[in-house]
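The values are calculated or read from the model by the stated rules, or taken from the named source; none is laboratory data. Since this is a predicted model, take the numbers as computed values, not measurements. Glycine gets a Cβ as well: all are built from the backbone with ideal geometry, and neighbour counts include every protein chain shown.
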Amino acid sequence: MKLKSLLLGLGLVAGISAAQAEDPFKVGFVYVGPVGDHGWSYEHNRGREELEKHFEGKVTTSYVENVAEGADAERVITQLAKSGNDLIFTTSFGYMNPTLKVAKRFPKTTFEHATGYKRSKNLGTYALRTYEGRYVSGIAAGMMTKTNKVGYIGSFPIPEVFRDINSAYMAAKTVNPNVEFKIVWVNSWYDPGKETDAANALMDQGVDVLLQHTDSPAPLIAAEKRGMRAVGQASDMSHFAPEAHIFSVRDDWAPYYIKTTEAVINGTYEPADFWGGFKDDMLSIASINENLPADVKAKIKVTYDDIRSGKISPFTGPITNNEGKVVVEAGHTLTDTELAQVNWYVEGITDAIPH
Amino acid sequence: MDAELLSQVLFAAIKTGTPLLLIALGEVICEKSGVLNLGQEGMMLMGAVVGFLAAYSSGSVGLGVIGAIIIGMFMSLIFAFLVLHLGANQVATGLALTIFGTGLSAFVGSGVVGQTVQGFQPLIIPVLSDIPFIGHILFTHDLLVYLSFVLAALVSYVATKTRIGLIIKAVGENPHAANAIGIKVLRVRYCAVMFGGAMAGLSGAYMSLVYTPMWIENMTSGRGWIALALVVFASWRVGRIMLGAYLFGLASIMHLVLQGMGWNISPNLLAMLPYVATVVVMVIISADHFKEKLLAPRSLGKPFDPRQMA
Amino acid sequence: MIRVQARIEQSTLMKIASPLLAIFLTLIFGSVLFSAIGKDPLQAMQVLLIAPLSDMYNIGEMFVKMGPLLLCAVGLSLCYRANLWNIGAEGQLLMGALGGSTAALAFIDSSSVLALPITLICGVVSGMLWAAIPTYLKLKFNSNLILTTIMFNYIALYLLLWAVHGPLRDPEGYGFPESALFSDITTLPILFDEGRIHLGVIFAIFAAIGAWVLLNKSHIGFQIRVFGEDEPAARYAGFNGKKISWIVMLFAGALAGLAGVAEVTGPIGQLIPSVSPGYGYSAIIVAYLGRLHPLGALLSATFMAVLYMGGDLAQIEIGVPTAVVGMFQGVLLFFLLACDFFIRYRVSFITNNNPIQE
């Protein structure tokens, strides 16, 4: 009798552990902002939701929002790994060193860090080719400006932003040789109040088209109020500014999250440095405004297609910086590693790189 | 800088200074009655989110403003009950209110992230707006900015020229004496704190209905703290709060204007300017008033308990 | 009839009972809250309040989180005891981090045993200097300490951002705003093999004890207390107010600076833009929850550290958004503050109709 129940018990235990083996695959996310920021973290969270929907029932996800990029990050990433997540996405640059440290301690877990450059056996990196969207924005801005002054609201003076300013400027120059860029830094990724102030400060100085490297729709709303134009960033922002909105460059992380999860589940995952753009459907041009002139609309679409097909590649030399030095030799196209280190403005931008 | 740009910049300074002015007007009355409420950020966020929700669901910005004022008062009521009735520490309770309000506002607002409303439209006042230079700076704003002018005048009048103002001052300076002459100290403080809450709510509504007509978590980004500093900066004088709010507004857009003009200084060092300027001005003002000891209400931050009078 | 009377002396029993009552009330509120959003309340409480102390790793992390809160709160407690409204721990902490990082980066190729002590001293001195400016302005020009310390928090933040985007940026860091990783010689030693408990935590605990001794066993401490409680009496006794202000402010600045340098040389290991998630502000509430008592701060800093960690765990384990965690924390603080009422007042139910004062 006792033996029997013992055996039964053992069977039960075996059953449980078998059931555990079929447990859903767990994916964890770490966000730097609140998911309600309607910007960077919001878009990553949408990607997470898509991921869960795609693998209905087979994949469960969890996330931690508002994780400061300091000492807390390492703890949160560790706790995610400890609580059994098989794959962990850390979605802000400041998580680079903490992710690397935790990845070393949890060799069986896979880690993916957005926008960084350090990798290891179980840590890959991924980023967006935001400069592709910025190139199309530059084309539209160059064609739409009447004052020949385009405003660029910068977040922080880092390579990603310098690179995108260059991309937009070079594009604008191809359609409007007289175009001039005014750059204002707000020291924040999203601060609607400050972005509004920056937008107004630029428009006060004759700017009539705004590009932004910050995440809130505030600059679009400011442009709408004053009858100017602007390009939306990160998500579709058309409803914030029905008249002013030119189009939005939309980020979409879902394809990458789905692809990576699939690879880890199938055991085909290899850590790499992945850059997604138009070609991968991780960037798209959303809601081109009906009120644009036909030639502008057409040019936007052609430019998008040309970048997607590889016909246009913004950082192909020769490119000279605004100190007169050749930074990209003729015939050379910047590699992804080089794209991550752009620390110059192209010829024609009158500002200097801030230090 | 030409006159046109200058007038644009001053116009923007008033716009940027208005939320600070609104919230500081409430806080100054609150502090004059002897209560220090560090929960402004929390009340302001609640005002912003409830104002937005009310306007979004009803389609009326007016209702939004009213909703924001009511929630601001309700939030301040929690604070008032804790510090006035239960004698809880004002500093700690205020900070707890900020933590609570930040969380609650994010929770209530999660459904409307990414939505927008038709905010207040500019109301250009005829004739006055045609005055050269000043007309544009002062009279081409929206309704809430004009309301802030009126409120500033009203608060200033009530605080300095009326019996109510005297009572608030008496309660803030010496609650025991005030109590002795029959003033209901706690009742006065309740009213003052709730006025502060109403103004914080209104200021939040200005953020979510006028400045950037949308709701985003933490959208007030520290303005409550600046307002606190403003009250001190103005040495608890209403007229000076108005000046201070616009000066701070000006300083905080100046670094953006200068960047646009091509000043090539580190944006981080430029962003420091408003804070450095505030300290410098403060030092000059307070050094000037050196003999006028103790500008702050004398019982500021100290609990008053009528039960101990008996 | 409920009758409320002020106690002549604070109730010792209630000093212990009131926090317990507060926690009990919060648990009831929390149950309602978590049930309302469809979470199992028992599990939520377990994750929020118990899980942070459930294993060695988490306990270690709790100490790591507690360290900077405690260092700042101890300094602030002394300031508030002396009626000095210093809101500037955040800025002093950031300057400590900046000063310490400058030294640590200068020692990046060094193997001197003095490198770490010098780095720590640089951090401490930077924090002291940052506290010294508002103190000087207050004593010399009568400027309001609340205002200047808030402003100096912002100024410190932008100075740090400037440094990390400029002179201290890692030349091999792809232009990102981070310094190079510090070398092992300037990294605080880890105390246990597992986890991240570092020497800074020990400093923090010693600081709390030291401050308690200073406050209660020394003549200076006596002066600080008298000054805070009855300034005219202190002046009458001939105590030097300026000297006390200087001592207290510099002490607070030094501790906050130490907290900053211990963060960058400890768990972070480099200078980054977001050194502090607002430790200097949270420390204000820690100081008050600890009733402005250095050893009380030890308890309240531990408690707040648990609460913060529980918030992150609640997101991981049961998917509660930070918004709800924030509400829960706010309400818990409300109850804690409200229940102090019973320490100072006696509430009794009586049958006869004695008139009650308002």
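A few points about this structure:
- Members of segment B:95-136 that are farther than 26 Å from A:Ile221 by Cβ and either within 25 Å of the chain's Cα centre (by Cα) or within 14 Å of chain C (Cβ to nearest Cβ) (or both): B:Leu95, B:Ala96, B:Leu97, B:Thr98, B:Ile99, B:Phe100, B:Gly103, B:Ile134
- Of all the numbered requirements in (1) closer than 26 Å to C:Phe176 by Cα; (2) touching a Pro at 6+ places or on another chain (Cβ under 7 Å); (3) in the same structural domain as A:Pro159 (by TED's automatic domain parsing), A:Pro354 misses one, and that requirement is (3).
- Residues that are assigned to a loop (DSSP other than H, G, I, E, B) and surrounded by 16 or more Cβ atoms within 10 Å (Cβ to Cβ) were ranked within segment C:192-221; the one that is modelled with the lowest pLDDT is C:Gly195.
- Set side by side, the residues A:Ser167, A:Ser188, A:Ser216 differ, and just one is of a type in the set (S, T, N, Q) and free of Cβ contacts under 8 Å to residues at least 40 places away in the same chain, which is A:Ser188.
- A:Val346 under 24 Å from the mean Cα position of the chain (by Cα), among the β-branched types (Val, Ile, Thr) and within 30 Å of B:Asn268 (Cβ to Cβ): yes
- When B:Ile183, B:Ile168, B:Ile164 are screened for being surrounded by fewer than 23 Cβ atoms within 10 Å (Cβ to Cβ) and part of a helix (DSSP H, G or I), only B:Ile164 passes.
- Residues of segment B:122-141 that are in contact with a Gly (Cβ under 8 Å, 6 or more places away or on another chain) and either surrounded by 13 or more Cβ atoms within 10 Å (Cβ to Cβ) or modelled with pLDDT under 85 (or both): B:Ser129 alone.
- Considering (1) closer than 30 Å to C:Ile343 by Cα; (2) surrounded by fewer than 22 Cβ atoms within 10 Å (Cβ to Cβ), the lone condition that B:Leu63 does not fulfil carries the number (1).
- All told, B:Val83 meets the bar of being under 30 Å from C:Arg346 (Cα atoms), at the interface with another protein chain (Cβ under 9 Å from one of its Cβ atoms) and either out of contact with any Cys (no Cβ under 8 Å at 6 or more places or on another chain) or crowded, with 23+ Cβ neighbours inside 10 Å (or both).
- Meets criteria (farther than 25 Å from A:Gly116 by Cα, in contact (Cβ under 8 Å) with a residue 60 or more places away in the chain and assigned to a helix (DSSP H, G or I)) for A:Val296: yes
- Take the conditions (1) farther than 28 Å from C:Met14 by Cα; (2) more than 15 Å from the chain's Cα centre (by Cα); (3) in contact (Cβ under 8 Å) with a residue 24 or more places away in the chain; (4) buried (at least 24 other Cβ atoms within 10 Å of the Cβ); C:Gly310 misses just one of them, which is (1).
- Only a single criterion out of (1) loosely packed, with under 14 Cβ neighbours inside 10 Å; (2) more than 27 Å from C:Leu188 (Cα to Cα); (3) touching an Asp or Glu at 6+ places or on another chain (Cβ under 9 Å) is not satisfied by C:Phe34, namely (1).
- The residues on offer are C:Ser126, C:Ser179, C:Ser110, and the sole one that is assigned to a helix (DSSP H, G or I), within 19 Å of C:Thr265 (Cα to Cα) and not β-branched (Val, Ile, Thr) is C:Ser126.
- Exactly one residue out of C:Leu292, C:Leu298 is surrounded by fewer than 24 Cβ atoms within 10 Å (Cβ to Cβ), of a type in the set (A, V, I, L, M, F, W, C) and within 14 Å of chain B (Cβ to nearest Cβ), and it is C:Leu292.
- Test: residue in segment B:259-271 that is on the phi < 0 side of the Ramachandran plot, facing chain A (nearest Cβ under 8 Å) and within 18 Å of the chain's Cα centre (by Cα): no
- Residue that is surrounded by the most Cβ atoms within 10 Å (Cβ to Cβ), among those in segment B:276-285 that are within 7 Å of chain C (Cβ to nearest Cβ) and free of Cβ contacts under 8 Å to residues at least 12 places away in the same chain: B:Val279
- Answer residue from segment A:31-44, given it is over 30 Å from C:Val264 (Cβ atoms) and out of contact with any strand residue (DSSP E or B) (no Cβ under 6 Å at 6 or more places or on another chain) and is modelled with the highest pLDDT among those: A:Tyr42
- Residues of segment A:203-242 satisfying the condition of being among the small types (Gly, Ala, Ser) and closer than 21 Å to B:Pro122 by Cα: A:Gly206, A:Ala218, A:Ala222, A:Ala223, A:Gly227, A:Ala230, A:Ala241
Each row is one residue, and each column tells you yes or no for (1) in a loop (DSSP other than H, G, I, E, B); (2) in contact (Cβ under 8 Å) with a residue 40 or more places away in the chain; (3) within 14 Å of chain C (Cβ to nearest Cβ).
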{"residue": "A:His44", "(1), (2), (3)": "no, yes, no"}
{"residue": "A:Gly57", "(1), (2), (3)": "yes, no, no"}
{"residue": "A:Thr61", "(1), (2), (3)": "no, no, yes"}
{"residue": "A:Arg75", "(1), (2), (3)": "no, no, yes"}
{"residue": "A:Asn85", "(1), (2), (3)": "yes, yes, yes"}
{"residue": "A:Ile88", "(1), (2), (3)": "no, yes, yes"}
{"residue": "A:Tyr95", "(1), (2), (3)": "no, yes, yes"}
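- Among all positions in segment C:258-276, there is at least one residue which is in contact with a helix residue (DSSP H, G or I) (Cβ under 9 Å, 6 or more places away or on another chain), more than 14 Å from chain A (Cβ to nearest Cβ) and either crowded, with 23+ Cβ neighbours inside 10 Å or under 18 Å from C:Asn86 (Cβ atoms) (or both).
- In segment B:243-275, the qualifying residues are those that are hydroxyl-bearing (Ser, Thr, Tyr) and surrounded by fewer than 22 Cβ atoms within 10 Å (Cβ to Cβ), and the one that is farthest from B:Ala227 (Cα to Cα) is B:Ser266.
- Wholly within segment A:190-287, helices (runs of 4 or more DSSP H) carrying at least 2 residues that are away from every other protein chain (no Cβ under 14 Å): A:254-266
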